[in-house]
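Shown next, in structure tokens, is the structure this report addresses.
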Amino acid sequence: MADQEAGTSGATVKISVLASGGILLDGREVSLNELDEALQVAKLQGATVQYFRENAAGPAPPEAESVIRLVAGNRMRIALSTKPDFSDATIVKPPAAAAPRVIEFPGIETLFAKVRKQAAGSHAVSLLRPDQILFVLAAPPPGSINDQMVAAVRSVVSSEEPRNIAAIASRGALAGDPSKPPTVPDVARKVPFFGLLMGLAYVGHTVWLFEGVPQMATAGCEEADVLIVDSSAVGTLPPGWEVDASLVMRNANILIFDRAREKVGALRTAGEVPGRLEFPN
């Protein structure tokens with residue numbers, strides 16, 4: 001089931017998703033249930049998953065998302081490969097330029113799990129600075145925002161059900177004196193869509209905000225239904241950040257706040273209709 005990769009400290013599981021939707025585990029075709037059972041065993045061995053999807057440039061079959069969710073649900077390390085022989089997904093200390101993207105569990109993920117727990121039902125925006133100091137900025141009290149503004153907020157995330165909203169600010173936007181809590185005006189000056197985040201918390205969503213630093217980029221997106229990214233932060237994020245984020249999000253709806261146009265636009269959505277936020281999970 002799992003190969004021992006030369007130079008690694010644990011086993012390696014090779015998973016291929018074919019364009020037809022077929023799933024191969026170490027070259028053998030399996031069902032999703034069989035894969036789940038195998039991953040649970042491999043997890044105990046400290047295995048790393050090497051993942052390849054056939055025809056990656058084309059539409060992904062539904063099985064591809066199911067496979068990724070099984071891997072993420074088992075909190076396993078995953079190396080993404082572009083070649084069917086997995087030759088570019090090896091974790092044997094390749095040159096830095098050729099290093100695969102590897103999603104690590106746990107680590108900073110444990111911290112963000114606490115952030116999400118704190119943010120849930122808090123009627124506030126939880127703000128995590130790069131020094132890992134957490135602050136909570138309360139949303140306006142109920143009834144204090146007029147109906148027109150509430151409608152504008154709901155037009156961005158129209159779900160009546162409370163959702164998890166993650167947001168990435170530009171580098172340095174949340175920095176400050178760690179001994180002093182940030183104020184809403186201070187944050188709003190550096191995060192141009194902070195009013196939207198406050199509005200989302202006001203209507204009942206769970207909202208957390210962090211800077212676009214590489215060590216937080218993927219972990220901060222875990223379990224999110226919507227991710228909002230400052231356009232000025234995009235250039236500082238690791239290559240393939242949107243793919244890595246979508247792998248750990250509950251619903252992979254990724255929005256970009258365009259500073260030049262002062263508007264939010266969809267980069268990726270979880271449903272079948274491009275540009276429309278949907279929540280299939």
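Residues in segment 144-161 that are among the acidic types (Asp, Glu) and outside any loop (DSSP other than H, G, I, E, B): Asp147 alone. Residues in segment 252-281 that are of a type in the set (S, T, N, Q) and either under 19 Å from Leu209 (Cβ atoms) or touching a Phe, Trp or Tyr at 6+ places or on another chain (Cβ under 7 Å) (or both): Asn253 only. Inspection of segment 226-246 identifies no residue that is closer than 28 Å to Met149 by Cα, in the same structural domain as Ser144 (by TED's automatic domain parsing) and assigned to a loop (DSSP other than H, G, I, E, B). Consider segment 172-199 and keep the residues that are assigned to a helix (DSSP H, G or I) and of a type in the set (D, E, K, R). The one that is nearest to the chain's Cα centre (by Cα) is Lys190. Determine if segment 247-263 includes at least one residue that is surrounded by fewer than 21 Cβ atoms within 10 Å (Cβ to Cβ) and of a type in the set (Asp, Glu). Checking segment 247-263: at least one residue is surrounded by fewer than 21 Cβ atoms within 10 Å (Cβ to Cβ) and of a type in the set (Asp, Glu). Hey, does segment 150-158 have a residue that's modelled with pLDDT under 90 and among the hydrophobic types (A, V, I, L, M, F, W, C)? No, segment 150-158 contains no residue that is modelled with pLDDT under 90 and among the hydrophobic types (A, V, I, L, M, F, W, C).
Note on segment 234-281: residues that are acidic (Asp, Glu) and out of contact with any strand residue (DSSP E or B) (no Cβ under 7 Å at 6 or more places or on another chain) total 3. Reported count of residues in segment 237-250, each being over 21 Å from Val191 (Cβ atoms) and without any contact (Cβ under 8 Å) to a residue 60 or more places away in the chain, is 1. Is there a residue being assigned to a loop (DSSP other than H, G, I, E, B), in contact with a helix residue (DSSP H, G or I) (Cβ under 6 Å, 6 or more places away or on another chain), surrounded by 14 or more Cβ atoms within 10 Å (Cβ to Cβ) and of a type in the set (A, V, I, L, M, F, W, C) anywhere in segment 128-143? The answer is yes; a qualifying residue exists.
Scanning segment 1-25 for residues that are closer than 14 Å to Leu39 by Cα, charged (D, E, K, R) and at pLDDT below 90 gives a single hit, Asp3.
In the set (1) closer than 21 Å to Val213 by Cβ; (2) modelled with pLDDT of 90 or more, the condition left unmet by Phe105 is number (2). Any residue in segment 257-272 that is outside any loop (DSSP other than H, G, I, E, B) and touching a residue at least 60 places away in the same chain (Cβ under 8 Å)? Yes; the residues of segment 257-272 include at least one that is outside any loop (DSSP other than H, G, I, E, B) and touching a residue at least 60 places away in the same chain (Cβ under 8 Å). For segment 200-225, filtering for residues that are outside any helix (DSSP H, G or I) and of a type outside the set (Val, Ile, Thr) leaves 11. Of the residues making up segment 11-62, those that are more than 16 Å from Leu80 (Cα to Cα), among the charged types (D, E, K, R) and touching a residue at least 24 places away in the same chain (Cβ under 8 Å) number 2.
The values are calculated or read from the model by the stated rules, or taken from the named source; none is laboratory data. Note that the structure is a prediction, hence the values are computed from the model and not measured. For neighbour counting, all protein chains shown are included, and Cβ atoms are generated from backbone atoms with ideal geometry for every residue, glycine included.
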